[in-house]
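The values are calculated or read from the model by the stated rules, or taken from the named source; none is laboratory data. None of these values were measured; they are calculated from a predicted model. No Cβ is skipped: glycine too gets one built from the backbone with ideal geometry, and neighbour counts run over all protein chains shown.
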């Protein structure tokens, strides 16, 4: 049967007993002859009670401090105040009075405020906010802004002032002859273009070797002036993209010696089709670039402030295929055996190259690239 307050009642030992748990607790606690008995909770019940109190916002831990870097117990959800609330002993006739819980909550609140006050607010640089582009701003990269001023004083900042001496020109010609003679056209009247001619050392070598139709262009007016001062003919101050825009099937050979690393990726992608267009059928491009495959590539990649990137044989194959060239040929740009010292250096370099290849075999089970070119710089030959 139901009682007046909706609780079930029953008859036991001649007296009425209410089955309402709250009523039974109240009667037991107010009985002076029967002191309150502390109820033991097993571990699972205690954990459930702690989680229930946390969900009811009895204690609200600080967000983002689950693991304090210094292990501060007051700044994490698993703080001492949290456990004190979860394991608060029963006190008073009601087994866990509101005064005890209020003191624990106040302690946790004060600890949380102190921990939050000790942390400085983040700055804008720490928030990593995206940059806002002005309306109507161009898409030009900021790196294009440093070049006019930098190349205007390029000779001063690199220590190359005045025309190259005859001794420097002779040494450079010996180097060029040993490295590039087999790739030069057999016809001495073939038009040749040297992009990034600098002080005109390669142009002077070609003209001294009997090539009569050689042109050099450079973006730095100071370098072109040095070439003219050295007696080099055909050096022009021009931009490569603008210079090649109207050239078609014009040159049998185009040289870009240490030029590509000064360009950005978008500039290289714009320049290569123009070079392909300017070459005669069967014409060649000869180039020298930093070799990212070499363990010493950082020496050339960061040698000059204006260097933008390095290359690998694999990346050059991608560029050549995209621009319509045949598969490129790669050669080492190492020591030259034109003297006794050069012979010794060449022999020692072969030992170093074998050691580099042995390391590659240990790491990846074979050479990193079929070209097996490990010098800091490499020669790249592209054929139309």
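If you take the residues of the stretch 157-174 that are within 12 Å of residue 230 (Cβ to Cβ) and assigned to a loop (DSSP other than H, G, I, E, B), which of them is modelled with the lowest pLDDT?
My answer is 160.
Conditions: (1) part of a helix (DSSP H, G or I); (2) surrounded by 12 or more Cβ atoms within 10 Å (Cβ to Cβ). Residue 372 meets all but one. Number of the miss?
With respect to (1) part of a helix (DSSP H, G or I); (2) surrounded by 12 or more Cβ atoms within 10 Å (Cβ to Cβ), residue 372 is out only on (1).
For residues that are touching a strand residue (DSSP E or B) at 6+ places or on another chain (Cβ under 8 Å), surrounded by 18 or more Cβ atoms within 10 Å (Cβ to Cβ) and not in a loop (DSSP other than H, G, I, E, B), tally how many sit in the stretch 192-240.
17
Filter the stretch 179-191 down to the residues that are surrounded by 13 or more Cβ atoms within 10 Å (Cβ to Cβ) and over 11 Å from residue 205 (Cβ atoms) and list them by number. Lay out the reasoning, then the answer.
Initially, the stretch 179-191 is screened for residues surrounded by 13 or more Cβ atoms within 10 Å (Cβ to Cβ), giving 179-180, 183-185, 188, 190-191.
Hits for the stretch 179-191 are 183, 185, 188, 190, 191.
Take the residues of the stretch 306-335 that are part of a loop (DSSP other than H, G, I, E, B) and closer than 19 Å to residue 283 by Cα: which is modelled with the lowest pLDDT? Talk me through it step by step, then tell me what you get.
Taking the stretch 306-335 as the starting set, the residues that turn out to be part of a loop (DSSP other than H, G, I, E, B) are 306-310, 312, 324-328, 333-335.
Remaining after also requiring closer than 19 Å to residue 283 by Cα: 324-328.
Numbers: 324: 92, 325: 95, 326: 96, 327: 95, 328: 96.
My answer is 324.
Test each condition in (1) surrounded by 12 or more Cβ atoms within 10 Å (Cβ to Cβ); (2) at pLDDT below 90; (3) out of contact with any helix residue (DSSP H, G or I) (no Cβ under 9 Å at 6 or more places or on another chain) for residue 363 and report the one that comes out false.
Result: residue 363 passes all but (1).
Has the stretch 264-284 got any residue that is within 29 Å of residue 349 (Cα to Cα) and surrounded by fewer than 21 Cβ atoms within 10 Å (Cβ to Cβ)? Steps first, answer last, please.
Going through the stretch 264-284, the residues within 29 Å of residue 349 (Cα to Cα) turn out to be 284.
Subset that is surrounded by fewer than 21 Cβ atoms within 10 Å (Cβ to Cβ): none.
Scanning the stretch 264-284, I find no residue that is within 29 Å of residue 349 (Cα to Cα) and surrounded by fewer than 21 Cβ atoms within 10 Å (Cβ to Cβ), so the answer is no.
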